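To start, the structure itself, in structure tokens.
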Amino acid sequence: MELPESAWEQCVSSLQSELPAQQFNTWIRPLRVQQAEASNQLHLIAPNRFVLDWVNDKFKSRIDELLSSADHHPITSVEISVAPRRSTSFETNQGVAARQKRQQEAPRQNIASSQPSNSYSRQPQQPAVEMPAESQMAQVELLPAAPPAPLNNGYNTESFAQPYNDNPMGQGKVDKVDVEGGLQHKSNLNPTFIFDNFVVGKSNQLGLAAATQVAENPGGSYNPLFIYGGVGLGKTHLMHAVGNALCVRKPGAKVVYLHSERFVADMVKALQLNAINDFKRYYRSVDALLIDDIQFFAGKERSQEEFFHTFNALLEGGQQIILTCDRYPKEINGLEERLKSRFGWGLTVAIEPPELETRVAILKRKAEQVGAPLPNDAAFFIAQRIRSNVRELEGALKRVIANAHFTGRDISVELVREALKDLLALQDRLVSIDNIQRVVAEYYKIKVSDLHSKRRSRSVARPRQVAMYLAKDLTHHSLPEIGEAFGGRDHTTVLHACRKIKEMIESDADIREDVKNLLRTLTT
Ligand SMILES: Nc1ncnc2c1ncn2[C@@H]1O[C@H](COP(=O)(O)OP(=O)(O)OP(=O)(O)O)[C@@H](O)[C@H]1O
């Protein structure tokens, strides 16, 4: 191994232990080492300017520090630049030729005018040469997308993009219908999922920043935009927000949202009806393709194959792709390697569960939207009880509002307690001190009795402190009560444990991960 590379590996593993997984995956993981000219130099490649600027701003000094003190071969000069343009089939002459062929094949009668109505400002593209992503950004303002093909084989393209009605607020996905040259196109965009009503906090600010960038520069260097994170955290909302913004920016833009299961179902249907070419043409003609929950592609080889080609064609044409997933691309089992690696070509951002203040802000905003006054103490009460999922937060709020409506009372903590009685009772069972001790002991592979014991070895003392911290955070027991439940300890011991773990959550990635996992187990 080249010396700078092994120094970089060391640096990466230090950063991995120092940073939250979300930050590590978003900013450090995509960096690549370029062949260095001297053993004390390192040249890193960032996939795009967004990552480059962020890394330079936030992590460069730490990277310099770690590399200059690398064990055997300190690096004295570190340079980071943006990835050169990819020299794959995407931007090769064959790629351009393929796209031109698609355009020529598209039937003339469907082109209303020589100006494409469904593209962003696009310029003819030069055959590709290796060039930095800077020039790529300008260059991907590309050719018109292939105009829509006529329907044949009796296959109605409308069915490609049925609304996928998974909106828990109950409005359903409202379709936008464009009629272009006889092709009925449905965007499936939910008009209520917009940037304006997306509440930002620490947990989702990266996702929002990336989505905003894409809305401002579709088909630019953040293509594809890959948003990942747990259930009900706002991935779909952000994706629609980009789509809606694109339609405002360019009325008539052909933006298509669909769930990955719909893509699979439509593909199967197209195969059955012998209409796979229509299927291909349809998806390759869009300005932006938004596919939700792509983990459902796992294990579906034919769909992956088809999606792979669609994906390539869209990227090649400078058309924006946005994908969401419940996990980091590399962690999707059953997905072809070539897709995994392509998913990381643009920008990958994580959305984390919202912290307390963001949960309160979301509740207040949602209540305001429906004109229901929600006092702060009631909002805090709900937000403290429902932690891991915005969709559940919304569900709880809906129940509270409905209860206030039917009983003719104002919303208060008391009313919240009544409206959410069954949910809170279930939670109380889940987050009793006994259960916390059981879950923590299981997680750290120790015995519950160890948590009660006087043993002070690190392997027991740290889990005990974590369990005390969780007991304070999740239950309503006082410090003396918690101390009592941990082998009759003093309340100052509990207080010390809570402070220590709180501090470690900031400074120690392992503890942060442990607490996050335990919270997830205990609250969902
Ligand atoms: N930051 C936020 N501000 C306002 N609303 C939010 C926010 N995050 C999530 N929501 C709302 O929470 C609900 C669930 O969000 P969404 O459907 O986008 O989640 P998801 O991450 O795509 O979940 P899944 O993985 O289940 O598809 C939506 O109604 C959305 O509007």
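Residues that are over 23 Å from L339 (Cβ atoms) and surrounded by fewer than 22 Cβ atoms within 10 Å (Cβ to Cβ) within region 254-274 comprise Q272, L273, N274, listed in sequence order.
Note on region 189-207: among residues that are near the ligand (Cβ under 10 Å from one of its atoms) and touching a strand residue (DSSP E or B) at 6+ places or on another chain (Cβ under 9 Å), the one that is farthest from E368 (Cα to Cα) is G207.
Taking region 348-364 only, how many residues are among the small types (G, A, S) and either within 8 Å of the ligand (Cβ to nearest atom) or under 17 Å from E394 (Cβ atoms) (or both)? Spell out the reasoning first.
At the first step, the residues of region 348-364 found to be among the small types (G, A, S) are 350, 361.
Those left that are additionally either within 8 Å of the ligand (Cβ to nearest atom) or under 17 Å from E394 (Cβ atoms) (or both): 361.
Counting residues in region 348-364 that are among the small types (G, A, S) and either within 8 Å of the ligand (Cβ to nearest atom) or under 17 Å from E394 (Cβ atoms) (or both) gives 1.
Here is a check on your reading of the model: is S285 at pLDDT 90 or above, farther than 23 Å from A350 by Cβ and out of contact with any Cys (no Cβ under 6 Å at 6 or more places or on another chain)? Yes. Taking region 487-516 as the range and being within 16 Å of Q437 (Cβ to Cβ) and surrounded by fewer than 14 Cβ atoms within 10 Å (Cβ to Cβ) as the test, only G488 passes.
The residues on offer are D434, D428, D450, and the sole one that is over 30 Å from the mean Cα position of the chain (by Cα), under 21 Å from A467 (Cα atoms) and buried (at least 17 other Cβ atoms within 10 Å of the Cβ) is D450. Look at region 198-222: where a residue is without any contact (Cβ under 8 Å) to a residue 60 or more places away in the chain and closer than 10 Å to V349 by Cβ and a partner is among the β-branched types (V, I, T) and part of a loop (DSSP other than H, G, I, E, B), sitting 6+ places away or on another chain with Cβ atoms under 7 Å, you get L208/V200. Against the test of being touching a helix residue (DSSP H, G or I) at 6+ places or on another chain (Cβ under 9 Å), over 30 Å from L31 (Cβ atoms) and of a type outside the set (F, W, Y), the options I332, I362, I322 yield a single qualifying residue, I362. Only one of the numbered conditions (1) of a type in the set (S, T, N, Q); (2) at pLDDT 90 or above; (3) surrounded by fewer than 20 Cβ atoms within 10 Å (Cβ to Cβ) is not met by S341, and that is (2).
Yes/no matrix, rows are residues, columns are (1) under 19 Å from G232 (Cα atoms); (2) among the charged types (D, E, K, R); (3) free of Cβ contacts under 8 Å to residues at least 60 places away in the same chain:
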| position | (1), (2), (3) |
| --- | --- |
| L374 | no, no, yes |
| D377 | no, yes, yes |
| F380 | no, no, yes |
| R385 | yes, yes, yes |
| N389 | yes, no, no |
| E394 | yes, yes, no |
| R399 | yes, yes, yes |
| A404 | no, no, yes |
| T407 | no, no, yes |
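Somewhere in region 346-358, is a residue in a loop (DSSP other than H, G, I, E, B), aliphatic (A, V, I, L, M) and surrounded by 24 or more Cβ atoms within 10 Å (Cβ to Cβ)? No: region 346-358 contains no residue that is in a loop (DSSP other than H, G, I, E, B), aliphatic (A, V, I, L, M) and surrounded by 24 or more Cβ atoms within 10 Å (Cβ to Cβ).
Restricted to region 278-318, and to residues there that are out of contact with any Pro (no Cβ under 8 Å at 6 or more places or on another chain) and among the basic types (K, R), the residue that is surrounded by the most Cβ atoms within 10 Å (Cβ to Cβ) is R284. Taken over region 223-237, the criterion of being in contact with a Gly (Cβ under 8 Å, 6 or more places away or on another chain) and either without any contact (Cβ under 8 Å) to a residue 12 or more places away in the chain or within 7 Å of the ligand (Cβ to nearest atom) (or both) is satisfied by G229, G234, K235.
Which one of these is buried (at least 19 other Cβ atoms within 10 Å of the Cβ), away from the ligand (no atom under 13 Å from the Cβ) and aliphatic (A, V, I, L, M): A372, A367, A379?
Just a single option satisfies the conditions, and that option is A379.
Exactly one residue among S449, S453, S478 is more than 16 Å from the ligand (Cβ to nearest atom) and in contact with a His (Cβ under 9 Å, 6 or more places away or on another chain), and that residue is S478.
Does region 247-268 contain any residue that is under 30 Å from K58 (Cβ atoms), outside any helix (DSSP H, G or I), touching a strand residue (DSSP E or B) at 6+ places or on another chain (Cβ under 6 Å) and within 16 Å of the ligand (Cβ to nearest atom)? Within region 247-268 (the criterion being under 30 Å from K58 (Cβ atoms), outside any helix (DSSP H, G or I), touching a strand residue (DSSP E or B) at 6+ places or on another chain (Cβ under 6 Å) and within 16 Å of the ligand (Cβ to nearest atom)), the answer is no, since none of the residues qualifies.
Matching residues to (1) under 14 Å from L258 (Cα atoms); (2) out of contact with any Leu (no Cβ under 9 Å at 6 or more places or on another chain); (3) buried (at least 18 other Cβ atoms within 10 Å of the Cβ); (4) at pLDDT 90 or above:
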site	(1), (2), (3), (4)
M131	no, yes, no, no
A138	no, yes, no, no
L151	no, no, no, no
F226	no, no, yes, yes
M239	yes, no, yes, yes
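Residues in region 208-222 that are among the polar types (S, T, N, Q) and within 16 Å of the ligand (Cβ to nearest atom): T212 only. Within region 191-208, restricting attention to residues that are in a helix (DSSP H, G or I) and surrounded by 16 or more Cβ atoms within 10 Å (Cβ to Cβ), the residue that is modelled with the lowest pLDDT is L206.
For region 406-428, does any single residue satisfy the condition of being at pLDDT below 90 and among the basic types (K, R)? No: zero hits.
The values are calculated or read from the model by the stated rules, or taken from the named source; none is laboratory data. The model shown is predicted, which means the values in this text are computed figures rather than measured ones. For neighbour counting, all protein chains shown are included, and Cβ atoms are generated from backbone atoms with ideal geometry for every residue, glycine included.
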